[in-house]
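Novice: Can you read through this structure? Questions will come right after.
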């Protein structure tokens, strides 16, 4: 472990080397929830949309779309650390995803499970009455790109947890009505 730390530091590799016991304890950040209910989720989101750090901003050449990428203070559902605030043809969308500073380009199925279960604790069963993540049913669907995720319809917005078709990564899309 010491040799690896020294080597990574010398090569400028931005990866934290930790012992297996430390690694297991590090999963606390995923299950730790500040979003106790829909109200606290909304309050945190409103705060991040107003005060989060805008790290990128661009307009589409092809379509009437403007995107601002926000680095929020809060990690949503213990996982998502970026929000794209999208305005397209007068409609507003929020696209949540995770950005990491390593070479891993995949999402563990366990992360799907934790995100879905955190969302169910906050929002309840989705519009199709799906509740907690069912490992034996959903694992194969995720691996074969046939997973439909979860959808919640509320009075002012729709929230969908899905595997994004473009990036192939776990994401949230909120469309504001």
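Each reported figure results from applying straightforward, stated rules to the coordinates on display, with no laboratory input. Computed from a predicted model, the values in this text were never measured in an experiment. Neighbour counts run over all protein chains shown; Cβ positions are idealised from the backbone, glycine included.
Novice: Using the number of other C-beta atoms within 10 angstrom as an exposure proxy, rank 85, 2 with the fewest first. Don't skip to the end; give the middle numbers.
Specialist: Numbers: 85 19, 2 7.
Ordered from fewest to most neighbouring Cβ atoms within 10 Å, 85, 2 come out as 2, 85.
Novice: Right, something else. At a 10 angstrom cut-off on C-beta neighbours, averaged per residue, how do the peptides 131-140, 6-15, 38-47 rank from highest to lowest?
Specialist: Working: 131-140: 12.9, 6-15: 10.2, 38-47: 14.5.
Descending packing order for the listed peptides: 38-47, 131-140, 6-15.
Novice: If you take Rg and Dmax of the Cα atoms in Å from the coordinates, which of [x] 24.0, 79; [y] 15.6, 44; [z] 17.8, 56 do you get?
Specialist: Among [x] 24.0, 79; [y] 15.6, 44; [z] 17.8, 56, the one calculated here is [z].
Novice: Another one. Order the peptides 166-175, 86-95 from the highest to the lowest mean number of other Cβ atoms within 10 Å of their residues. Present the calculation step by step, with values, prior to reporting the outcome.
Specialist: Details: 166-175: 16.6, 86-95: 13.9.
Descending mean neighbour count gives 166-175, 86-95.
Novice: Using the number of other C-beta atoms within 10 angstrom as an exposure proxy, rank 120, 55 with the fewest first.
Specialist: Details: 120 18, 55 11.
Ranked by crowding around the Cβ, least crowded first: 55, 120.
Novice: Still on this structure, please answer the following. Expressed as a rounded percentage, what relative contact order does the chain have, with Cα pairs under 8 Å and six or more residues apart? Before the final figure, lay out the partial values.
Specialist: Numbers: 255 pairs, mean separation 28.4, N = 177.
Here the relative contact order equals 16 percent.
Novice: Please give the length that would be gained between residue 151 and residue 49 if that part of the chain were fully extended, namely 0.36 nm times their separation in residues minus their C-alpha to C-alpha distance (nm, one decimal). Walk me through the numbers before you get to the answer.
Specialist: Working: separation 102, 0.36 × 102 = 36.72 nm, distance 2.19 nm.
Taking residue 151 through residue 49 to full extension adds about 34.5 nm, to one decimal.
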